[in-house]
Amino acid sequence: MSRYNAKVAERKWQDIWAERDSFATREDEGKPKYYVLEMFPYPSGRIHMGHVRNYTMGDVVARYKRARGFNVLHPMGWDAFGMPAENAAMERKVHPAAWTYQNIDTMRGQLKSLGLAIDWSREFATCSPDYYRHEQALFLAFLQNGLVERKESYVNWDPVDHTVLANEQVIDGKGWRSGAPVERRKLSQWFFKITDFAEDLLAGLDTLDRWPEKVRIMQRNWIGRSEGARVHFRLAGTDDLLEVYTTRPDTLFGASFCAIAADHPIAQRLARDNPAVTDFIEACKRTGTSEAEIETAEKLGFDTGLRVVHPFDPDWTLPIYIANFVLMEYGTGAIFGCPAHDQRDLDFARKYGLPVTPVVVPEGEAAESFTVGAKAYDGDGRLGNSRFMDGMTVPEAKARVLDELERLGAGTREVNYRLRDWGVSRQRYWGCPIPVIHCEACGVVPVPREQLPVLLPDDVTFDVPGNPLERHPTWKHVDCPSCGKPARRETDTCDTFVDSSWYFLRFCGLDPDQPLDRAAVDRWMPVDQYIGGVEHAVLHLLYARFFTRALQKCGLVSIAEPFQGLFTQGMVNHETYKGADGKWLSPEDIVRDVEGWKTRDGGAVTVGRSEKMSKSKKNTVDPTDIIDTYGVDTARWYMLSDSPPERDLDWSENGIEGAWRHSQRIWRLVSEPATALPDAGSPAPATPSENALALRRATHKAIKAVTDGIDSFRFNTAVAQLYELTNAVNGFKPSDEGDAWALREALEILVRLSEPMMPHLAEEAWEALGHATALAETPWPHADESLVVDTTVKVAVQVNGKLRATIELARDASKEDAEQAAFADAKVLAAIDGKEIRKVIVVPGRIVNIVA
Ligand code: ANZ
Ligand code: ZN
């Protein structure tokens, strides 16, 4: 027997598919459309196992849907702007463009070796002027429609990447890419007004029923809608107001102080003639800005000496503090503190000796005796010490106090969102230039459309930190398009998340003159199935949802939600290894002997837990090595077989070898069938043997199960079904022509169903089975329902109300047959124990009830 030569077969079929243009999307096909997309890769250098897993899953869906008669769009491109290219330029003196395009070439080659059913004619890189010129046009459309704004605000400054970051890009107080603790800086920046869509983005989540619940929850929390009130406190002795935002107006009678942010206008005013205030404000700025940092930092306050009057009592005044835990960017930048029911306020009150008055007491406790110690009470209960609210539940009190505040003109209902506008300015070179010009006379002037693209200059230097565009000798000096006087080009570039916020729309049709081909976008959108990592739950996925809405507002697309189905796949993990010196070892540095793992020169190895493959822990496996050794189909198969797609997968040598043996077994079954097979397309035998019928049943059950498995994204169960069918074929002993026919059917179906996972082997086997048409052009099989339904049923037998046996009967067995079978069962006879039978009740297909 000839062994299956994956290398040769994979090359062969990739060439055939390319030559026949098998995966090009045809626009005129009158079939239902299906758009499947995997998050496009950043061209970092080489593909990793995470990519292989991601793109294999998408490919299974693409091939399957195509076979099911859909017109499939499955494109690929490159998310090609970003910091790493500039870092490479700094470290290795290679131009970011050269570095990027070289990586794209390498990775394109690698992706092609995976045999993906992709329409490569739609490929683009976001760093190409052919793409970013359109992004600039979209920026101008946003500007025109009031969706972009330039404002001065505190921003997150990444001191390593020398750029501003959006809030979403600061994770635990650190830059998402550099990992450096971010600093606060006040700068003029460009913002996309994502907050205009806060309510709509929230409401839209309810319609995304094919998204993982966890992602919807994360977005919901990130948007952070809160319902509360703006309450006015009058500054004692003046007519000035201090406005605070609260979600607990019901606790107003428990207020013991007000606090304002360090940047609050009142604090700023006081700082002008009080150096102690200035010092305190400076100290506040040194604490980080992330929620985590604010939560854990020691609560610090500065008593301004000012006092406010309680809105419900002209004789009651409260002190105003400047406090480090109040943020200027949320609500009004001012709060009233209610220590009994808020932990931060309680910590603060204990530190500064402020009163702690409980106003909500748990059901069953008395307001007079209930006290709060070290822990604030934030549970439910009834109001106490609260005048007109005494005895009310919290919701009742909220409604009442809001009515009362509004009646007195001392407050209004208000909804707030945690979501902040999206700062898109980056002080970097390798990004899409923001197409505006600053003129002293005219202000901000958009670059006229006919002057797009604003091209990045090629001649830039990276020898010193900072923005190369800023220090370029000529690039930024332009004449104002409006008055003609010398002006300055914007040197900020767009956040690279802008590039990935509309690429899926561009894939629908690459109009050279317009960002979007409206007709094509209307035809293809939304993406039916999007696949990617959960790390983008609130970054890319929220931005893309906003961007689509913004385009809709500009009249450029008709839909609001870009991704109808979302699947977030798990990571690829691998065991970790350390040598005696405590340093990480790569799987290639170690060998296994009878006692376990050793280094190549016999040194001790400690095996650590399986973790996400990462270069720093040296536990990566290079897809190219795997493909060279086993072939890509084996890698694809193993990726799909071992764990549910949403879970992490532990890569192991044993696992991949098992997958390889399976591929060889399929080839053996096809190339050396147990008997000579009838020709492809021969008619079915009129009366198949029991043996043939059993195989046919296994075959058709597999069709149904694999179809269901792929439809519901349970690829591992689909694979398990294929293993089962392989076993059935392997154990099949044909003895007549009908059996040979059933064997051919089983082999064909096995191969057909395996194609989405192992496309090359399947094509090779299909050809070996005598087919002239490639599987890529062959429809998905249908299960014969009559072969899928079970022909037997399990029937319970009770004796005097107790279950004594379960017997297997033909589905259409008569009452008499059932009774007879029941009395033939040894356990049933033992239970009857020779007693007289008084009654037998048979419910066909369910139960036999014997009364003795
Ligand atoms: C009084 C109060 C009493 C509060 C109580 C809470 C518990 P969410 O739900 O996140 O919207 N707050 C308001 N603005 C703030 C700011 N700029 N910086 C820091 N904290 C601020 O939170 C709203 C609550 O956070 C508000 O309700 C306010 O404290 C505080 F028993 O007001 B609360
Ligand atoms: Zn001008």
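Things to note:
- For the chain: rounded, prolate or oblate by the Cα gyration tensor [a/c cutoff 1.5]: oblate
- Anisotropy class of region 454-589 from Cα gyration tensor, a/c 1.5 cut: oblate
- In a reduced charge model with +1 at each Lys and Arg Cβ and -1 at each Asp and Glu Cβ, region 562-621 shows a dipole moment near 220 debye about its Cα centre.
- About the Cα centre, charge dipole magnitude for the chain (Lys/Arg +1, Asp/Glu -1 at Cβ), debye: 440
- Ordering of 199-212, 665-678, 335-348 by packing [mean C-beta count within 10 Å, highest first]: 335-348, 665-678, 199-212
- Spin-label pair residue 687-residue 482: with each label point 7 Å from Cα along the Cα-Cβ axis, the two points sit 9.3 nm from one another.
- Dipole check for region 230-360: with +1 at the C-beta of Lys and Arg, -1 at the C-beta of Asp and Glu, and the Cα centre as origin, the magnitude is about 120 Debye.
- Among 574-582, 375-383, the order from most to least packed when residues are scored by Cβ within 10 Å on average: 375-383, 574-582
- Relative to the globular-protein estimate of 2.2 N^0.38 Å, the Cα radius of gyration of region 123-249 stands at 1.41.
- When the charge dipole of region 476-633 is built from unit charges on Cβ atoms (+1 for Lys and Arg, -1 for Asp and Glu) and taken about the Cα centre, the candidate among 603, 584, 516 whose Cα reaches farthest toward its positive end is 516.
- Across the cross-link table entries 93/214; 704/802; 704/839; 31/701; 186/612; 31/112, which are compared at the Cα atoms, the separations over 32 Å belong to 93/214; 704/802; 704/839; 186/612.
- Relative contact order of region 14-117, defined on C-alpha pairs under 8 angstrom at six or more residues apart (%): 37
- Pairs of Cα atoms nearer than 8 Å and 6+ residues apart set the relative contact order; for the chain it is 13 percent.
- Shape descriptor for region 63-110: Rg over Rh equals 1.28 (Cα atoms; Rh from the Kirkwood inverse mean 1/r).
- Annotation: the residues 25, 792, sorted from fewest to most other C-beta atoms within 10 Å of their own C-beta, follow the order 792, 25.
- For region 423-525, applying the loop criterion from DSSP together with a ceiling of 11 other beta carbons within 10 Å to the GluC sites (Glu not before Pro) yields 440.
- Of the trypsin sites (Lys or Arg not before Pro) found in region 93-156, those in coil by DSSP whose Cβ has at most 15 other Cβ atoms within 10 Å are 93.
- Value of D in µm² per second that Stokes-Einstein yields for region 1-122, Kirkwood Rh from Cα pairs, at 25 °C (0.890 mPa s): 152
- Counted charge near residue 761, where neighbours are those whose Cβ lies closer than 15 Å (Asp, Glu -1; Lys, Arg +1): +2
- Unit charges at the beta carbon, dipole of region 742-812: most positive-side option, 757, 769, 793: 793
FYI, it's all coordinate maths here, none of it is from the lab. Please read these numbers as outputs of a predicted model, since none were measured by experiment. With ideal geometry, Cβ positions are generated from the backbone for all residues, glycine too; neighbour counts draw on all protein chains shown.
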